[in-house]
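Read through the structure below, which is laid out as structure tokens, and then see the notes.
Derivation of every value follows stated rules applied to the coordinates shown; laboratory data play no part. Please read all numbers here as calculations on a predicted model, not as lab measurements. Methodologically, a virtual Cβ is constructed for each residue, glycine included, from the backbone with ideal geometry; neighbour enumeration extends over all protein chains shown.
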Amino acid sequence: MRVVIGEDSVLLREGLVRLLDTSGFEVVAAAGEAETTLSKVEELQPDLVILDVRMPPSFTDEGLRAALVVRRQWPAIAVLVLSQYVEERYATELLSGHTSRVGYLLKDRVADVGEFLEALRRVAAGGTVLDPEVVSQLLLRRRSGPLDRLTKREQEVLALMAEGRSNLAIATALFITESAVGKHVNNIFTKLDLPPADSDHRRVLAVLQHLNERPK
Amino acid sequence: MGRQPATVTCRDRYLYGGGMQNGIRRAWDGTAHTVAGFPLAVVTGSLVLCAGLFAMVTVGHPVGKTYRNDILAVSRFCSVIQRSRFSALLGVELKLAPAASRRAAWRGVWYHVIAGFLISVIGFSLLVSLWSAAGAAVLLPVFNPPNGRMLGMRLSDPLPWSGLSIIAVLLGYAAAKLAIGLAALDVQAAQAMLQLSRAEELALRVQDLTESRADVVDAADAERRRIERDLHDGAQQRLVSLAMNLGMARATLTDVDPKAREAIEHAHDEAKQALTELRQLVRGLHPAVLEDRGLDAALSGIAARSPVKTRLNVDVPKRPSATVEAVAYFVISEALTNVAKHAQAKAVDIEVRRRGDLLLIEVRDDGRGGADPLAGTGLRGLAQRIRSVDGSWSVESPLGGPTVIRVELPCES
């Protein structure tokens, strides 16, 4: 899998290159600026782009804006955005339009190498990966409403679902059986009035759409 | 010339000073002041008047406005000249009103054209008349032709001569008194018209303090942002890289001595923990998203991290200044910390609304109440932040709850 990396910290950029090169990915370019990263993406058409949110020159949200450009211009390229802090607002912007082939993770997650690589593969395969912190931020947006009707366990399942995990992965994370997860998922979809969805990423889409309806 | 040490206030000297010697000096100073004042007043008065006439004939024409400002500039120049007269001849140090105060500036114009002008011109004429009369009385007998007569008396006779001498002395005395009085009058007029009034001075001081305080608050804010950026670019990246390398070691070194493996796992966990702590600390300094996306985005972050279930409702269509946003953010952040620490609450409701020039914040929890604004450092810290931008706040916290904190922050429209 061909990857382009946009990360301004040299240390981390080289670390990522090393990690990906030894894990079966092929890093075709790594840049320290959003502009350069974009031109590399245009030139090399990789399968996946990893972008840091804060990059020169203004160190605010260049990476995020670059990610939006990639998603608009080359929808076939998967994008994973890394950030020192996850912010629900950035997630909403990133996911507006379509929610496949996109991920948004806290930089800290890089430390859990196995899970991080797994997340990369999931995004590249067309899935959605959201940091648990984003999900918890999205969950609180509703002032009051159907979410309050969910049990604590159902809320946990919903959070994991929004992260883009499969039933099996949710079952493993919560130490319950897969069929129990299935039951919870059905309950959630019923309580939230969501149309039934089969694939993992369509499930995320449905949940996110629901969560993103802003209370007025 | 009669310059006095700075500790003696000039007003006292001219209005209430006593004693023969002092009196002579005051008379001398006053005379010098009035004599110097006459040509000066003619020059300054005409200058300002000319500027005024220029402005008048150009009323309605675009350049009229510039001329109006030119009057003030000319008047200011004249005030500076007058100030040196007061200083050099009377020892009175005028504190001229700063050019920024337009009301005081126009008052200065009236001093040059009317008050100061009349005092100097009329005063000088009166003084000259008195002197001339006194001089005539003294010199009449001397220069009169021998045996010259007036009113049937020979002027060189002792009686008319002494009569004339007494008249001359009285006229001289009157001139001295008049000079003292004129100087005192001129000092009062100049102080009233060229200086700031007490109220204006205070108003200016308040404005000055408000601006300098805003600067201090902004500087503190900028400093937090700088530290946040330094940590973000430095320690945080290094730590992420370290944790990643340890993660790689953990994942690849599977066939090492269990002790070594345990050490690696331990180091990896520690690094991740440190990363989490540093991240929370750095975000607490100044959240970058506050600058990028405003209060709503930044607050949903802290609300999500709050251990107490938090509902957030932000309705701020027009963003306030960065400083007000930062105060609002930290006030809510601090309030949430307090709720988590002390309130034993199940839920918190946060409302942020913008109503005209006010940002209204309400934090309401369903905890046990009894919060005392004077007791904890947390609530005091809130008060300081709010006061720093002229905001106001109230805490309502009956025993048994609920606790409601309301904050109003003024924001420029």
Residue among B:T58, B:L130, B:V363 farthest towards the positive dipole end of chain B, charges placed on Cβ: B:L130
Alpha-carbon Rg/Rh ratio, for the stretch B:212-326, with Rh computed the Kirkwood way: 1.14
For the stretch B:288-410, the spread of Cα positions along each principal axis, largest first, Å: 37, 28, 23
Spherically averaged projected area in nm², based on the convex hull that wraps the Cα atoms of the stretch B:10-196: 13.6 nm²
Folded to 0 to 90 degrees: helix B:237-252 orientation relative to chain B principal axis, Cα: 10 degrees
Gain in span if fully extended, B:Q191 to B:A36, counting 0.36 nm per residue against the direct Cα distance: 54.0 nm
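Let me know the charge dipole size of the protein assembly as shown about its Cα centre in debye, to the nearest 20, where only the beta-carbon of Lys, Arg (+1) and Asp, Glu (-1) is charged. Intermediate values should be presented prior to the final figure.
Numbers: 75 positive and 72 negative charges, 602 e Å.
Approximately 2900 debye in magnitude.
Sorted by average packing, counted as other Cβ atoms within 10 angstrom per residue and highest first, what order do B:169-178, A:107-116 take? Intermediate values should be presented prior to the final figure.
Numbers: B:169-178: 16.9, A:107-116: 21.3.
Order by mean packing, descending: A:107-116, B:169-178.
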Spatially proximal lysines relative to B:K318 (Cα-Cα < 28 Å; intrachain offsets below 8 disregarded): A:K216, B:K309
Percent RCO, i.e. relative contact order, over chain B, from Cα pairs under 8 Å lying at least 6 residues apart: 11 percent
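Quick one: work out the % antiparallel among DSSP beta bridges in the protein assembly as shown, nearest 5. List each step's numbers first, then the result.
Details: 24 of 53 bridges.
Once the DSSP bridges in the protein assembly as shown are tallied, antiparallel ones form about 45 percent.
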Assigned charges on the beta-carbon of Lys, Arg, Asp, Glu; the stretch B:204-285 dipole about Cα centre (debye): 100 debye
Whichever lysines have a C-alpha closer than 24 Å to that of A:K183, once near sequence neighbours (fewer than 8 apart) are set aside: A:K152, A:K191
Qualifying lysines (Cα of each under 23 Å from Cα of A:K107; at least 8 residues distant if same chain): A:K40, B:K272
Helix B:62-85 axis, angle to chain B major axis (alpha carbon atoms, nearest 10°): 70 degrees
Estimated inter-spin distance, A:N186 and A:R65, nm [label 7 Å along Cα→Cβ]: 4.9 nm
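Taking each residue of A:46-52 in turn, how many C-beta atoms of other protein chains fall within 10 Å of its C-beta, and what is the average? Intermediate values should be presented prior to the final figure.
Numbers: counts 0, 0, 0, 0, 0, 0, 1.
If you average over the peptide's residues, the count of other-chain Cβ atoms is 0.
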39 Å tail of the calculated P(r), chain B, as % of Cα pairs: 56 percent
Separation in nanometres of the label points that stand 7 Å from Cα toward Cβ, at A:L11 and B:E262: 2.9 nm
Most positive-pole-ward Cα, A:A91, B:A322, A:L130, against dipole of the protein assembly as shown from beta carbon charges: B:A322
Cα-based helix-to-principal-axis angle, B:377-387 vs chain B, degrees rounded to 10: 50 degrees
Between the stretch B:35-78 and the stretch B:209-230, the alpha-carbon center distance in angstrom: 44 Å
Separation in nanometres of the label points that stand 7 Å from Cα toward Cβ, at B:T58 and B:R368: 7.6 nm
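Could you compute the FRET efficiency for B:T276 and B:L204, with r as their C-beta to C-beta distance and R0 at 60 Å, rounded to 0.05?
Details: r = 51 Å, r/R0 = 0.85.
The value I calculate is 0.75.
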Förster radius 41 Å - calculated FRET efficiency between B:F143 and B:C50 (Cβ-Cβ, nearest 0.05): 0.40
Average beta-carbon neighbours from other chains, 10 Å sphere, peptide A:81-88: 6
Along principal axes, Cα extents of the protein assembly as shown, largest first, whole Å: 145, 63, 59
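Where the only charges are on Cβ atoms (+1 Lys, Arg; -1 Asp, Glu), what is the dipole of chain B about its Cα centre, to the nearest 20 debye? Display every interim value, and only then the final one.
Numbers: 48 positive and 41 negative charges, 326 e Å.
Result for chain B is approximately 1560 debye, rounded to the nearest 20.
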Most positive-pole-ward Cα, B:A297, B:I386, B:L399, against dipole of the stretch B:288-410 from beta carbon charges: B:L399
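Within 10 Å of each Cβ in peptide B:266-275, how many partner chain Cβ atoms are there on average? Round it to a whole number, please. Numbers along the way, then the final one.
Numbers: counts 0, 0, 3, 1, 0, 2, 4, 0, 0, 6.
Average neighbour count from other chains, rounded to a whole number: 2.
Quickly rank B:113-123, B:188-198 as a protection proxy: mean count of other C-beta atoms within 10 Å, highest first. Intermediate results must be reported in sequence, preceding the final value.
On the way: B:113-123: 19.5, B:188-198: 17.6.
Final packing ranking: B:113-123, B:188-198.
Give the calculated FRET efficiency between B:S162 and B:W110 to the nearest 0.05, with a Förster radius of 51 Å applied to their Cβ-Cβ distance. Spell out each step's value before the answer.
Values: r = 48 Å, r/R0 = 0.94.
After rounding, the FRET efficiency stands at 0.60.
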